[in-house]
Amino acid sequence: MDKKELASVHVALPNLVEQLEKGRTTRRDFLRTSTLLGLSATAAYGIAGKITGEHFVAPARAQQGTPGGTVRISMNVMELSDPSLADWSQKSNIYRAVNEPLAKIGADNITRPYLAERWEANDDLTAWTFHLRQNATWSNGDAFIADDVVANIEKWLDEAHGSSNYSRFSSLEGAEAIDDHTVRFNLSSPDLAVPESLGDYPALIVHRDFWNNGGSFLDNPGTGPFQMSDYSVAERATLAQRTDAPWWGGDVLLGGIDIIDHGDDPSAYLAALASGQVDLLYEISADQVAAVRGMEDLELYETVTGQTGVARFHVTSPPFDDPRVRRAIRACIDHDVLLELAFQNLGTPGEDHHVAPIHPEYAELPRPQQDYDLARSLLAEAGYADGLDIEINCVAQPTWEPNTCQVIAEMLRPAGINLNVNILPGGTYWDRWTDWPFGFTSWTHRPLGVQVLNLAYRTGVPWNETNYSNPEFDALLDQANATLDLEARRAITEQLEQIIQNDSIIIQPYWRAIHTASNRNINGFQLQPAREFDFPVWSMSSS
Amino acid sequence: MIVFLARRLVFMLLTMLAVSIILFAMLEVNVESIAVRVLGAYSTDTQREIWLEANGYLRPIYVRYIEWLGNFLVGDFGESTRFNTRVADILWPRLGNTGLLALFTFGIMIPISLTLGVFAGMREGSRTDRSITFLSVITTSVPEFASAVLLSFIFVFWLGLLPGTSGFTDGFSLREMILPVMVLIIYDFGYVARMTRASMAEVMQSPYIRTAVLKGLPYRRVVMRHALRNALIAPFTVIVLQINWLLSGVIVVEYFFAYKGFGALLLEAALNNDVDLIQACAMIAVIVAVGTQTIADIGYTYLNPRIRFT
């Protein structure tokens, strides 16, 4: 493609190619940004290969295996109702076999077109046009058309509906069908992460009549290659290939999916895999990684992610309304030791600003250092020279969360800070997760750093659990949202990271590597950072 | 006897009523948590408010309690937010599964522990008595989670002989039943055996047994016809009360082996703040607890005619 053709897809693409040619951007960042701007994955990989001289191929379908094999997975089977109300990725993994997103985020953290075959944005990123696949059909025989997408967007933007997409697409004013296979999204402010948000797990597209037809996933058609055949909450979900019409993506080797719920005890999952009752686990805990490494018949999967947890201060609640107290607490933390003790060193130390090294706009800052002298002097300055008693709330499961809080408590002790770790059942914690004066909250992976900053630290947004409000930060975030050029966005992000660090609103202990395990019969499985399953590319070996 | 039964029945009803009020007050005062459970942790305050209004949760708590009690009495336990279905649809099958587990456990454990207890108590202080007592103390001292891990390591991970979970996903499987039943038996048989031994030893010291022996009756006949019935009174009470333990006290075993039983259901309900399900499970547990207590009392009366109720 020449520059003119590239510019016709998006005005920023020629510049992006130039950056790759000059070595100012990495192959991965180029692939991510170019596909985000509407370049097809094939063209993006082709350009990258030509410039770097390496042969890159887009993730391909599994070419081996027996057609028709069924994969048995150990994963929680939760109640299924409306994909846009999904609040756990386990739910969306079942939804995704039947209902599909417009864009899909791969195991390499790159977003690619899916039900939309391509898209383009206007220059200031306030209007995005999505071109839909013309060969996709619903399992009831209806054609997949723009009205389907518009109906979904309208529902997501209805606050009473209760979808988290309402917050996810806060800048989206609405969608309009240009023709049967073209939809335009109109935004109130620039947002470069629209395709990434469309790849998030609650953004699966359901049929335009979904809500008129009862609003239940179980009674409505899908565009995906599978359909539900049996389902029982907390027990089992069985899916078989759809039989009414061929799937738009072609042949699928996997004949069926059998998801078995083994409860919440990680040891039960592993026992099921070890005894051959299942082929794949949804997850294993960090404690189990060493055990799986010791089992020759099992395959261990690991991937670096933007999944993390933050010990965050509610900055308007005493004593955390005093920045000196927050800085003193942060000064006690040794992130390397924290990672080693609380998570078996299976990840990357955090830097207390919630932008991960795998995010494209990440800017490296000097690592926070443990400094007890500084902590003591700040505490004395804040009026706590004789010590400080505080409490942190966290959930009981998964265990890495309370473990991390316990290690933090030990690190605070030498500075005279007595931290009581209050471990709560998940339901109790999440009831008030944005209200706790000091709480530990897990955050899932998102492909772009600005996505998390927009969700968690912008003034007044529903998920702002720190109650942080900084007009300077908000203005810079607006600027980052509207900046396509990666270098320029990285420079803005550096300032954003610095502000969060300076204001000491969170302790972010580490970025978690995630793990799972399977037997050796599965082909094509890759551990995606948000644990999203991509069933169409899997197959099973005969033995 | 009739007065006694009537008293027990009234006591049962009052206990259940008191528990229902406490439960309801504890679980339904904070209606916000119910909305969070249904709409998800990341829902907004406005979304929760709309949902609570639409589902009648903003009405006074006593109105909601009376409505709930009326529904409970006719078998309508409400809707489970965790399972998105009627509580009754999930509760009865789970109760049945735990009943099956209890049946297997009792079916094997009771004969073993009674036999061992009687043998030990027949000759107090003998080598047999000391061996059985030692074994009982050791097995009872090992908590269920520890024996579950140990047995799982041996039979699942090391020898590869048994399945690691017991979910019966492909229908009932005797092989999947082995490990949970084994764990429960190991934990509980020692307790029943020691109670039986103590009771048997006490009876064997009684003057009427000594008289029977001195009269020249065969020892076997003395034990079978004279000692056994009296020696089983105390173990009977203990065994009946184990039903209560098997219903809600087997949470660890059901959780560890992913067994879809009542104990695991209660835990899941509690962890997920599933209010209607917690209420129903707790009420069933109370009914069983009070019911088994009553059965134990009646049985004790039948076995021991010296006890008279006025």
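Every read-out reported here was derived from the displayed coordinates using simple, explicitly stated rules and does not represent laboratory data. Small disclaimer: the values here were computed from a predicted structure and weren't measured. Positions of Cβ are backbone-derived with ideal geometry, glycine not excepted, and every protein chain shown enters the neighbour counts.
Can you find, among A:Cys405, A:Ile284, A:Thr348, the residue sitting farthest towards the positive end of the charge dipole of region A:276-422, where Lys and Arg contribute +1 and Asp and Glu -1 at Cβ?
My answer, from the dipole projection, is A:Cys405.
In nm, give the distance between the simple-model label positions of A:Asp336 and A:Thr444, each being 7 Å from the Cα along the Cα-to-Cβ direction.
3.4 nm
Based on the Cα atoms of region B:20-160, what semi-axes does the equivalent ellipsoid have, where each is the square root of 5 times one gyration tensor eigenvalue, given in whole Å with the largest first?
So the three semi-axes of region B:20-160 are 49, 21, 15 Å.
Which log10 I(q)/I(0) values does region A:251-297 give at q = 0.24, 0.30, 0.33 Å⁻¹ under the Debye formula, counting every alpha carbon as one identical point scatterer?
Once normalised to I(0) and log-transformed, intensities are -0.92, -1.25, -1.41.
With a ≥ b ≥ c the root eigenvalues of the C-alpha gyration tensor of region A:207-341, is it rounded (a/c under 1.5), prolate (a/b larger than b/c) or oblate?
Verdict is oblate for region A:207-341.
Rank these for me by crowding, A:Leu80, A:Leu341, going from fewest to most other beta carbons within 10 Å.
Details: A:Leu80 21, A:Leu341 17.
By the 10 Å Cβ count, ascending: A:Leu341, A:Leu80.
Among A:Trp511, A:Phe313, B:Met195, which residue has its Cα furthest toward the positive end of the charge dipole of the protein assembly as shown, with +1 on Lys/Arg Cβ and -1 on Asp/Glu Cβ?
It is B:Met195, whose Cα lies furthest towards the positive end.
At 20 °C and 1.002 mPa s, what whole-number value in µm²/s does Stokes-Einstein give for the translational diffusion of region A:406-543, with Rh from the Kirkwood sum over Cα pairs?
Once the numbers are plugged in, D ends up at 116 µm²/s.
What is the sum of charges, Lys and Arg at +1 and Asp and Glu at -1, for the other residues whose Cβ falls under 13 Å from the Cβ of A:Arg184?
It works out to a net charge of -4.
Averaged over A:258-267, how many beta carbons belonging to a partner chain fall within 10 Å of each residue's beta carbon?
Mean shielding by partner chains, rounded to a whole number: 6.
Find the lysine pairs in the protein assembly as shown meeting two conditions, Cα atoms under 21 Å apart and a separation of 8 or more places or different chains, and report how many there are.
The number of close lysine pairs in the protein assembly as shown is 9.
Taking N as the number of residues in region B:1-56, what value does Rg over Cα atoms divided by 2.2 N^0.38 Å take? Each step should come with its number before you reach the end.
Details: Rg = 18.9 Å, N = 56, 2.2 N^0.38 = 10.2 Å.
After normalising by residue count via 2.2 N^0.38 Å, the value is 1.86.
What number does chain A give for Rg over Rh if you use C-alpha atoms and the Kirkwood radius?
0.96
Using 1/(1 + (r/R0)^6) with R0 = 56 angstrom and r between the beta carbons of B:Val137 and A:Ser317, what's the FRET efficiency to the nearest 0.05? List each step's numbers first, then the result.
On the way: r = 52 Å, r/R0 = 0.93.
Efficiency for this residue pair is about 0.60.
FRET efficiency for A:Asn15 and B:Phe157, Cβ-Cβ distance as r, R0 = 60 Å, nearest 0.05?
For R0 = 60 Å, the calculated efficiency reads 0.60.
To the nearest 10 degrees, how steeply does helix B:45-54 sit against the main Cα axis of chain B, on a 0 to 90 scale?
80 degrees
Alpha carbon centre of region A:261-340 versus region B:27-86: separation in Å?
Between the Cα centre of region A:261-340 and that of region B:27-86, the gap is 32 Å.
Students often check this: by mean Cβ neighbours within 10 Å, which of B:248-260, B:285-297 ranks highest, and how do the rest follow?
For the peptides B:248-260, B:285-297, the packing ranking is B:248-260, B:285-297.
Given just the C-alpha atoms of region B:96-194, how large is their convex hull per residue in cubic angstrom?
Dividing the Cα hull volume of region B:96-194 by its residue count gives 97 Å³.
Given N residues in region B:54-134, what is its alpha carbon radius of gyration divided by 2.2 N^0.38 Å?
Values: Rg = 24.1 Å, N = 81, 2.2 N^0.38 = 11.7 Å.
Rg over 2.2 N^0.38 Å, computed on Cα atoms: 2.06.
Multiply the residue gap between A:Arg413 and A:Thr70 by 0.36 nm, knock off their C-alpha separation, and tell me the result in nm, one decimal place.
Residue separation times 0.36 nm, minus the Cα-Cα distance, leaves 118.2 nm.
How far apart, in nm, are two points set 7 Å out from the Cα along the Cα-to-Cβ line at B:Glu124 and at A:Ala290?
Going by the 7 Å Cα→Cβ label model, 5.0 nm.
Quote the Stokes-Einstein diffusion coefficient, in whole µm² s⁻¹, for region B:147-275, based on the Kirkwood radius over alpha carbon pairs, a temperature of 10 °C and a viscosity of 1.306 mPa s. Write down the numbers at each step before the final one.
Working: Rh = 17.7 Å.
Roughly 90 µm²/s, to the nearest whole number.
To check my understanding: the extent here is largest minus smallest coordinate of the Cα atoms along each principal axis. What are those three numbers for region A:283-383, in Å, largest first?
Extents along the principal axes: 59, 29, 25 Å.
Go ahead and estimate [θ] at 222 nm for the protein assembly as shown from helices alone: -39,500 (n - 2.57) per DSSP H run with n ≥ 4, summed, over the residue count, rounded to 500.
It comes out at -14000 deg cm²/dmol, rounded to the nearest 500.
Based on the mean of other beta carbon atoms within 10 Å per residue, what is the order of B:51-64, A:191-204, A:174-187, most packed first?
Put in order of decreasing packing, that is A:191-204, A:174-187, B:51-64.
Let me understand region A:104-222 better: what is its radius of gyration from the alpha carbons, and its Dmax, in angstrom?
13.9, 41
Roughly what % antiparallel, to the nearest 5, for the DSSP beta bridges in the protein assembly as shown?
Counting DSSP beta bridges with both partners in the protein assembly as shown, the antiparallel share is about 75 percent.
In degrees, nearest 10, range 0 to 90: what is the angle between the Cα axis of helix B:87-122 and the longest Cα principal axis of chain B?
20 degrees
With each pseudo-label sitting 7 Å past Cα toward Cβ, what's the A:Asp251-B:Leu103 distance in nm, one decimal?
4.8 nm
How well do other chains shield peptide A:428-434, expressed as the mean number of their Cβ atoms within 10 Å of each residue Cβ?
5
Given +1 on the Cβ of Lys and Arg, -1 on the Cβ of Asp and Glu, and no further charges, what dipole in debye does the protein assembly as shown carry about its Cα centre, rounded to the nearest 20?
Magnitude of the dipole: close to 4880 debye.
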